[in-house]
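Okay, structure first, notes after.
The values are calculated or read from the model by the stated rules, or taken from the named source; none is laboratory data. In this text the structure is predicted, and so the values were computed from the model without any measurement. Backbone-built Cβ (ideal geometry, glycine too); neighbour counts: all protein chains shown. Keep in mind that these areas ignore ligands, DNA and RNA; they rest on the heavy atoms of the full protein, side chains included. Shrake-Rupley method; radii C 1.70, N 1.55, O 1.52, S 1.80 Å.
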Amino acid sequence: MDKITIEGGRRLRGDVEISGAKNSVLPILAATLLAEGESVIENVPDLRDVSTMIKILRTLRVHVAREKDKIYVKPARSLKHVAPYKLVSTMRASFCVLGPLVSRLGKAEVSIPGGCVIGARPIDLHLKGLKALGAQITIKHGYVNVSAHTLKGADIFLGGTCGSSVLATMNIMMAATLARGRTRIENAACEPEVVDLAHFLTKMGAHIKGAGSHLIEIQGVKKLKGVHHTVVPDRIETGTYMIAAAITRGDVMLHNVVPEHNNALIDKLTRSGIAIKKYKNKIHVQGKQRLHPIDVTTLPYPGFPTDLQAQITSLMCITPGISVITEKIYPDRFIHISELSRMGARVFLEGASAIITGVKKLSGAPVMASDLRASAALILAGLVAEGCTEVYRVYHLDRGYERLEEKLSALGAHIRREKE
Ligand code: EPU
């Protein structure tokens, strides 16, 4: 297994190119199952999750070829309907093949996706949506079995205890594209990745209105075709590099971004004293010596994303004063706190809130990555800590950050990957 070693204390300077969004490309790849023909997806990041999704598609008899950041995807005439445990259990987004499979084939058997250290991740909303469309669902031996003679459009309220669900909205939106009649998804997720998927489906011939709002309307069509699509930039990778610039008091220009997708973060960093300039598809971040503490509450888009909670926590750990970070999407998503404490952070957990007293310095230490975004938070802390930080179990990072060491090294960080 690999570890990442960082010598902290270098200011990041220069330019960084942001990759395509992981959480967009994964459902888009699932959506290619709906097409009768080849799709070409561009701006695809080279990530372990993308490779896993490709393996799942191949298991379902989809022909997939990859050429740099382009993927050519062509479903066979007779698709298979079973997505196996071994692959689906490693990645939540793979559950997104359920909607397209049942819509296209009238049946699907998909393993229940794995639990995760960020807390409970139920699938009730996915199932509620499919049932409303007329599917019969049974759960047996760890698999969700769905069958439907024909899916029929319906009005579906997709609200859970923590609000909307990104992947459930996507799964139902995909299933509804080939259903008979009109579907209305109320309390739909508004995330940019939902909008990107809706753009892709619309190019394929789907009739979708309202993506990006809480009410999405889909008028079912008979068939969909393969198309070309370029994936939107990854707003979470963008946010991670913005915080990297801020935490190192650096000066970084981020390219290939959609600045408005990061408005919640831009607002918080600006209040903390960081200088940020937005351009058409660039963001310039200039760190400052003296930062102010901020309170952050994670919320569905356009609120502050849970996927940047761990990273902003690292920044607040070295910001003088007291900050409160409250997690409203995954109340248990705080595994990074104990590892940050090893580095000298002063954080106290009270329910779903982290109360942080900023310290002058963090000190490098061996730490364990527990999930994708927690790993990113430890790397950020390592960039500014005194001495050497070793981050173990970095395979989590490879799920969601393309060429992280290379990009950070180009900005001046002392970071390398080694065998454990
Ligand atoms: N929820 C339910 N029932 C469901 C589904 C979700 O109650 O059937 C709850 C969840 O427990 C959570 C809330 O709804 O409290 C929101 O979860 P959501 O379903 O929106 O999460 P997701 O769609 O499974 C995606 C991202 C996550 C990101 C969340 C929230 C992908 C592949 N994953 O997950 O990304 O944290 O939305 O924005 O799109 C990551 O990239 O590191 C990551 C974890």
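All of (1) at pLDDT 95 or above; (2) more than 16 Å from Asn171 (Cβ to Cβ) hold for Asp2 with one exception: (1).
Among the residues of the range 221-231, those that are surrounded by fewer than 23 Cβ atoms within 10 Å (Cβ to Cβ) and aliphatic (A, V, I, L, M) comprise Val221, Val227.
Among the conditions (1) surrounded by 16 or more Cβ atoms within 10 Å (Cβ to Cβ); (2) within 16 Å of the ligand (Cβ to nearest atom); (3) charged (D, E, K, R), the only one that Glu339 does not satisfy is (2).
Only one of the numbered conditions (1) within 13 Å of the ligand (Cβ to nearest atom); (2) more than 21 Å from the chain's Cα centre (by Cα) is not met by Val64, and that is (1).
For Gly119, the criteria (1) near the ligand (Cβ under 9 Å from one of its atoms); (2) on the phi > 0 side of the Ramachandran plot; (3) in contact with a helix residue (DSSP H, G or I) (Cβ under 8 Å, 6 or more places away or on another chain) hold in every case but one, which is (3). Taking the criterion of being part of a strand (DSSP E or B), closer than 21 Å to Glu7 by Cα and at pLDDT 95 or above, the residues of the range 349-376 that qualify are Ser363, Pro366, Val367.
The residue that is nearest to the ligand (Cβ to nearest atom), counting only those in the range 9-34 that are in a loop (DSSP other than H, G, I, E, B) and in contact with an Asp or Glu (Cβ under 7 Å, 6 or more places away or on another chain), is Ala21. Could you count how many residues in the range 182-224 are under 22 Å from Thr161 (Cα atoms) and free of Cβ contacts under 8 Å to residues at least 40 places away in the same chain? Number of matching residues: 9. Quick check on my filter: what residues within the range 160-202 are small (Gly, Ala, Ser) and closer than 12 Å to Leu215 by Cβ? Answer for the range 160-202, where residues must be small (Gly, Ala, Ser) and closer than 12 Å to Leu215 by Cβ: Ser164, Ala188, Ala189.
Looking at the range 223-243, can you tell me whether even one residue there is in contact with a Leu (Cβ under 8 Å, 6 or more places away or on another chain), more than 23 Å from Val44 (Cα to Cα) and not assigned by TED's automatic domain parsing to the domain that holds Leu411? For the range 223-243, residues in contact with a Leu (Cβ under 8 Å, 6 or more places away or on another chain), more than 23 Å from Val44 (Cα to Cα) and not assigned by TED's automatic domain parsing to the domain that holds Leu411: present.
Condition first: of a type in the set (Asp, Glu), without any contact (Cβ under 8 Å) to a residue 40 or more places away in the chain, open to solvent by less than 50 Å² (accessible area, probe 1.4 Å) and touching a strand residue (DSSP E or B) at 6+ places or on another chain (Cβ under 7 Å). Can you find one or more residues in the range 405-420 that meet it? Within the range 405-420, not a single residue is of a type in the set (Asp, Glu), without any contact (Cβ under 8 Å) to a residue 40 or more places away in the chain, open to solvent by less than 50 Å² (accessible area, probe 1.4 Å) and touching a strand residue (DSSP E or B) at 6+ places or on another chain (Cβ under 7 Å).
Residues that are surrounded by fewer than 20 Cβ atoms within 10 Å (Cβ to Cβ) and closer than 20 Å to Arg11 by Cβ within the range 367-401 comprise Glu386, Gly387, Cys388, listed in sequence order. Residues in the range 86-111 that are surrounded by fewer than 24 Cβ atoms within 10 Å (Cβ to Cβ), within 24 Å of Ala369 (Cα to Cα) and more than 10 Å from the ligand (Cβ to nearest atom): Lys86, Leu87, Ser89, Thr90. Within the range 100-125, residues that are without any contact (Cβ under 8 Å) to a residue 12 or more places away in the chain reach partners that are part of a loop (DSSP other than H, G, I, E, B) with beta carbons closer than 7 Å, at six or more positions or on different chains, in the pairs Gly115/Arg121.
Set side by side, the residues Leu47, Leu57 differ, and just one is within 21 Å of the chain's Cα centre (by Cα), within 12 Å of the ligand (Cβ to nearest atom), of a type outside the set (Val, Ile, Thr) and open to solvent by less than 10 Å² (accessible area, probe 1.4 Å), which is Leu47.
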